[in-house]
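Student: The structure is given below, and queries will be raised subsequently.
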Amino acid sequence: MLYYTLNRLALALVIVSVVMLLLFSMIYLIPGDPAAVALGPRATEAMREALRVKIGLDQPIWVQFWNFFTSAWTGDLGREVLSDRPVAAVVLEQLPFTMALIFSGVGWSVALGIPLGCWAAVKRNSLADHIVGVISVAVIAVPSFVVAIYALLLFAVTLRWLPAIGAGESGNFFDQLVHLILPSLAVGIGWVGYIARMVRASMLESMGAQHVRTARAFGLPESRIVYQYALKIAILPTITLLGVGIGQMLSSAVFAEIVFARPGVGKLVYDAILTRNYPLVTGTVLVTTVLFVLINLLADLIVGMLDPRVRSGL
Amino acid sequence: MSEAVSKGAGPIRRILSEPLGVVGVVLVLVVVLGAVFADVLATVDPSSISPRDRFLPPSLAHPFGTDHLGRDLFSRVLHGSRIALAVALFATAASLSIGIVLGLIAGFGPRWLDALLILLFDSVKSFPTVMLALALVTLFGPSLTAVIVVVVLVNVPGYARIVRTQTLSMKDADFVAAAESMGAGFSRILRVHILPNAIGPLLILASMDIPVVIAIEAGMSFLGLGVRPPTPSWGAILNDGFTAIRDTSWIAVAGGLPIIVTTLGFTFLGETVRDVFDPRLKVR
Amino acid sequence: MSVLSIEDLCVTYSTSTGDLRALRNVTLDVPRERIVGLVGESGCGKSTLINAILGLLAANGRIDHGRILFQGRNIAELSADELRAMRGPGIATVFQDPMGALNPVFRIGRQMINIQYRSKLSRAEKANRAAETLRSVRIPDAEAALKRYPHEFSGGMKQRIAIAMALMMKPAILIADEPTTALDATLEVATIELLQELQRDIGCSMLFISHHMGVIAELCDDVVVMYAGEVVESGTTRQVFLQPRHPYTRNLIRCDPARQHTRVRQLPTIPGDLPNLRSRPRGCIFAPRCEMRKEICEEPPPQDVSNGHMARCHLAVEH
């Protein structure tokens, strides 16, 4: 397990470093002068030059990269251009909102998708199975931002059941929860389909396995065979899928945050790009990448924990 | 499912023997015919502004109503389908060609290049599409080109992997060695040995990717990163609807509905195509 | 009274290309404390027979005719719960593939405790019983073995664990489905001896399924020979091996690799393939591959019994 963990960790570090390099080259390629953008049209050339020196734009490119690289690893992501606050602080302030959104989305889609997939597998080829199948395909196909707009239109604007904007009053847990419902619906609904399909396929595979026949031949109750023996194996590919899919979930979160005017990393980076606030862009992308890599790592470690073969195989 | 139809039956009949396939074909036909006959079906110019007719509900004159500038939504939706389908076709074709080339490079090239490409494919594939789109638009500005570049970046790895796998399995096969020693050209090996085996999976993947492409185009236009106004695009209409959501719901409905119809139609069709032609890939 | 007796059993699978008659008029008897060997090539219906006995036929399979009596009770008349109660303590099974027979993501101990779910013992006592049984099949360091996962054991060890799980049930009858096929020759002998010893200790009956004639001869009291879903010959081991009456049995004995005294390039096999079970011939099922085939073989063969030695053949050899 230790070797497996170290192996995954090393890979994660490499990926983060590669992303840093890519980010840096992207920023370097961007047309336009960040100093000019930051100071607005009325600034003098001297003022712009001063800012360039201040944020290190006058240095040779490799020095700039090295500074970027080392300070990023120590958590210093620079200062954002508009309010001159540390980027790390701004991002960390918004991060909990996005995390809450993503985890609630994962939570409810797992809670619904796994039983649906199991049910479809147990009732294989029945009408119920076909219906679950078609619905899964449908919710995967429809883009999350369309779901978000339609949900906003129906539940917030027309029916007025749920709030339309914001993340709720800070400190009021219930209010925040209510504000989470619609965005979380939009982020999670496609995943219900992904998970149900995945669980169904892997359940069918593990239900046909020899060890399930053995368990039956010992007279174990069917419910125990399905929900313990088969499901524990069938759940593994789903965890891997969730780990890899966290990136796409971030995409849906960006849309959900914009549609529901919710604070969060997605909205932050969107606004930052529109205002050409580059340090904030790089900082946010870097933090989300690290987050993404960490969640991937977590998924791998959970699979390793649940599957003894993976643990000793690597 | 399709056991009633013999294996020798034509592909179209086999697709139509599946209920899901029929629904898919019908939905896709609606969208395609709408795009082809947009000028005939909608006589109003999709960009003509008429401030007196703002926010009209659906009527005979405006089947889908009008938007905040008084433009006819029916006409905008129909013309929007041209953009969506054109992007889908062009971007898929571009991803396919680039994917094939990169797959061949990975398969035939040196080990380190192969490893590098695979690493790149994996990182791109797992990176949030929206972040990628935002980054590219920062570099090039919002445009249809940016949309196509994003789609190509997101989809190329899938095609490249198929070709790479096929190439690697062919590379060691005796008959390729024999063909090579007999002086067959690279293009001949490609045409005769690799593409015939890879073409099935490639086309299946392409048919599954079309709804994804349409979603990316609509999503980027929704964020204002894609097609520039006043060109009609479903994503842009949806954004207009979002902005005016407290005044009228018709714009948002009109922008979202074609996206739902098209992605569902192509997805149902793609699923059926895959089930019919390659049962091994069947997930469901 | 027999522990298990199967009377004139017919099992059919309905498939999209027509009905498949997997078992036809199968009759066999496993008396108390005896070991009955069931011989046949792969595809002769052994797996279907086991599934039918356990009440685990696939959804498209059905018993058209005949009955399976376990301790005098027809299993077709048992409720789902009664059937489940029968599996394990009544009929325990060791399956062919030791690699896949254990669940890969649970520790051996957990799996061995789980199958004792009917017992009122405490968890610790169940674990003790599991360790004890593992010791009886000579798994070294049984307590530690309970904490390990299946993939940490070799094929032979896994098969012994599977045997231990079956015997822990103290069953009335043990069904062993080719328990040694996946093992190498030395392990095979050890496993057979182990089974023999344990069967004596527990005093259960055994239905031992194999295509390995030598092993059957060594271990079993009675032998049933199956071909393409039919019992073609049955009798005591002595009768069947010393005086085989059916041409198929004679072929099997001749083809057994253990009987090859001189080294041959290729092991002898019976020419021809198994018949198509969707459209079986009216006459003798073995006729198309039989070297003694005569015109009369186009007619259904009689079940000729003498001295309890049955052969389903027009040309059954009299002894």
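Student: Could you size up the charge dipole of the protein assembly as shown around its Cα centre, putting +1 on the beta carbon of Lys and Arg and -1 on that of Asp and Glu, and report it in debye to the nearest 20?
Tutor: Details: 81 positive and 72 negative charges, 118 e Å.
Approximately 560 debye in magnitude.
Student: Return the FRET efficiency for the residue pair C:Arg129, C:Leu242: r is the Cβ-Cβ distance, R0 is 51 Å, and the value is rounded to the nearest 0.05. Walk me through the intermediate numbers first.
Tutor: Numbers: r = 42 Å, r/R0 = 0.83.
Efficiency at R0 = 51 Å is approximately 0.75.
Student: Provide the FRET efficiency to the nearest 0.05 for the B:Asp122-A:Asn67 pair, computing r from the beta carbons and using R0 = 41 Å.
Tutor: Working: r = 29 Å, r/R0 = 0.70.
Working from the Cβ atoms, E equals 0.90.
Student: Hey, another quick one. Could you give the angle, 0 to 90 degrees to the nearest 10, between helix B:195-222's Cα long axis and the longest principal axis of the Cα atoms of chain B?
Tutor: Once rounded, one gets 30 degrees.
Student: Along the Cα-to-Cβ line of C:Thr15, 7 Å from the Cα, sits a label point; which residues in the stretch C:21-50 have backbone N less than 11 Å from it?
Tutor: Correct set: C:21-22.
Student: Kindly express, to the nearest 10 degrees and within the range 0 to 90, the angle between helix A:173-207's C-alpha long axis and the longest C-alpha principal axis of chain A.
Tutor: 50
Student: Please report the spacing between the Cα centers of the stretch C:99-127 and the stretch C:48-82 in Å, no decimals.
Tutor: If you average the Cα positions of each part, the centres end up 26 Å apart.
Student: If you don't mind, there's one more thing I want to ask. Could you give the distance between the Cα centres of the stretch C:186-219 and the stretch A:118-164, to the whole Å?
Tutor: 57
Student: Using only atoms on other chains, find how many Cβ atoms lie within 10 Å of each Cβ of peptide A:218-225 and report the average.
Tutor: Numbers: counts 15, 16, 7, 3, 2, 0, 2, 2.
The per-residue average across the peptide is 6.
Student: Please give the length that would be gained between B:Ser48 and B:Val36 if that part of the chain were fully extended, namely 0.36 nm times their separation in residues minus their C-alpha to C-alpha distance (nm, one decimal).
Tutor: Numbers: separation 12, 0.36 × 12 = 4.32 nm, distance 2.04 nm.
So the chain would gain 2.3 nm between B:Ser48 and B:Val36.
Student: Apply 1/(1 + (r/R0)^6) to the Cβ-Cβ distance of A:Tyr227 and C:Ala59, taking R0 = 22 Å, and write down the FRET efficiency to the nearest 0.05. Each step should come with its number before you reach the end.
Tutor: Working: r = 20 Å, r/R0 = 0.92.
Rounded to the nearest 0.05, the efficiency is 0.65.
Student: Once you put a point 7 Å from the Cα of C:Arg278 and another 7 Å from the Cα of A:Ala50, both along the Cβ direction, what distance in nm separates them?
Tutor: In this crude spin-label approximation the distance works out to 8.9 nm.
Student: Let me ask something else. What's the ranking of A:244-251, B:22-29 by average number of surrounding C-beta atoms within 10 Å, highest first?
Tutor: Details: A:244-251: 21.9, B:22-29: 17.5.
Ranking, from highest mean packing down: A:244-251, B:22-29.
Student: Calculate the mean, over all residues of peptide B:218-225, of how many other protein chain Cβ atoms lie within 10 angstrom of the residue's Cβ.
Tutor: Numbers: counts 3, 8, 0, 0, 8, 7, 2, 3.
For this peptide, the per-residue mean of nearby foreign Cβ atoms is 4.
Student: Within 10 Å of each Cβ of A:252-261, how many other protein chain Cβ atoms are there on average?
Tutor: Details: counts 4, 2, 8, 4, 0, 0, 5, 4, 0, 0.
That average works out to 3.
Bear in mind that the values in this text are calculations on the coordinates, not laboratory data. Only a predicted model underlies this, so the values are computations on that prediction, with no experimental measurement involved. We place every Cβ from the backbone using ideal geometry, glycine too, and count neighbours over all the protein chains shown.
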